[in-house]
1. Convex hull over the alpha-carbon atoms of the chain: what's its volume per residue in Å³?
2. Amide H to amide H, which residues 5 or more places from V316 or on other chains are under 5 Å from it, using H placed in the peptide plane?
3. May I ask for the net charge around G240, where only other residues with Cβ less than 10 Å from the Cβ of G240 are counted and Lys, Arg are +1 while Asp, Glu are -1?
4. Once the other residues with Cβ under 14 Å from the Cβ of R422 are scored (Lys, Arg +1; Asp, Glu -1), what is the net sum?
5. Give me the Debye-computed log₁₀ of I(q)/I(0) at q = 0.21 Å⁻¹ for region 225-288, equal point scatterers on Cα only, no solvent, two decimals.
6. Roughly how big is the chain's charge dipole about its Cα centre, with Cβ charges of +1 (Lys, Arg) and -1 (Asp, Glu), in debye to the nearest 20?
7. Whole-Hz Karplus ³J(HN,Hα) for region 380-387, in order, using 6.51 cos²θ - 1.76 cosθ + 1.60 and θ = phi - 60°, x for Gly and Pro?
8. May I ask you to give the average projected area over all directions of the convex hull of the Cα atoms of region 20-103, in nm² rounded to one decimal?
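Here, each number is a calculation from the coordinates, and none is a lab measurement. Remember, it's a predicted structure, so these values are computed and weren't measured experimentally. Reconstructed Cβ throughout: ideal geometry from the backbone, glycine too, with neighbour counts over all protein chains shown.
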Amino acid sequence: MSTLQFLGATGTVTGSKYLLEHEGRRVLVDCGLFQGLKELRERNWSAPPFDAKSLSLVLLTHAHLDHSGWLPVLYRHGYDGRILGTPATRDLCGIVLPDSGHLQEEDARFANRKGFSRHAPALPLYTEEDGRKVIERIDAIGFDEPREVVPGVTATYRAAGHILGAAMIEVRLRSAGSEKVVLFSGDLGRPAQPIVPDPHAMTACDHLLLESTYGNRDHEVVDPKVHLAAIVGEAVRRGGTVLIPAFAIGRTQHLLFLLRELRESGQIPRDVPIWIDSPMAIRASRVQLRHPEALDDETRAMAPGSAGMALDDVKVATTVEESKALNNIAYPAIIISASGMAEGGRILHHLAYRLPDHRTIVVFVGFQAIGTRGRALQDGKPFTKIHGREIPVRARIETLGGLSAHADRGEIVAWLRAGGVRPGRVHLVHGEPDARDALAATIASSLSLDVHRPNYLEKIEL
């Protein structure tokens, strides 16, 4: 018997983890952090609901923390095996995981120094060194290269079009006289986006685990460059700063791509400095330059060494002192800093300093999960708590549509139709309840597919 257990991303967009069991072997697909609501974050501190020592392998769709960020904890609980991901995913994890541990150590030190944690002492979930140790365990696999990863289990990675190196994973489970195919969409990207290739067509499968982040809506039909140019222009007129919380991997590079085009076309002034206050983001941009195999044809055709980002035009705050010095900027500027949902990292210090200033424009460029500071700001909350202090929100809050790296409702349905095949059963994951429920109704009514909305820890037979 083969089974699949849903250990995360059920009714939430975080904590992606799926446990496959086939003929006595266990394979974990993704190993993500829970983020957002406290009840979700507390799961990060619990032991896994399976014996970590019993795992044969971990398959990783991509490097975002909600898919990879729990790997150091998995090893702490006794896992001693390998991880499989694309070459770009491996290199990005080499940045993301140590940085995640470093930020957790910094946050714990800050909490202990300021005394605002309920725990004495506050501890990191894992350390920078824990993150580094994981990287040694990641093996690379290219796109469209079927590989028997454990006896009876073959995995093929297909381009997901989400971020650099992101994959959907086709898993074939062979038993005597039969075969079952499970396709994990990972985070399904969008067609015709810059930098990364379009998502691969859906392949024939018995079970499809499909993300549903934007399952209840379509992205704005708007040119994000036009909106971004207007925001920068307004900030210049007001003498304020454009502050952009952005994921260091994927979203920051997309923004740099757009800002380069806006500068070249004269739609934003060249003398407005662009600051990247995220060492991880700039390292991720350099990883992008090293992996042309993970880029789309348009980006590969650009000037050698640029990958469309014009990095020479960007100022980088690499040290803590340089980051703090950005608070002294008295002229219009664009500051891009992680994290994308304003839950941690250097962006918190910038928000604490600039949210009370009415000249500031804070621009969200991605999905903000329930329970995150980013969602609260989007919802118009007049105050936000940062490092134990109540910060008044006088800045203007904007959301830049059209930049999402996740397929929306219409794009998901179009992807399901375009493959020319029908999955036996669709399991909707990686979506908040309203989005998941809406997409389930849409798929059932328009495509007449069998749709399942799994619960946390639910196990099904394949």
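1. In the chain, the Cα convex hull volume per residue is 133 Å³.
2. I276
3. Here the charged neighbours net out to +3.
4. Computed value for this residue: 0.
5. Debye curve over Cα of region 225-288, log10 I(q)/I(0) at q = 0.21 Å⁻¹: -0.89.
6. Working: 54 positive and 56 negative charges, 223 e Å.
It works out to roughly 1060 debye.
7. x, 4, x, 9, 9, 8, 10, 6
8. So the Cα hull casts an average projection of 5.7 nm².
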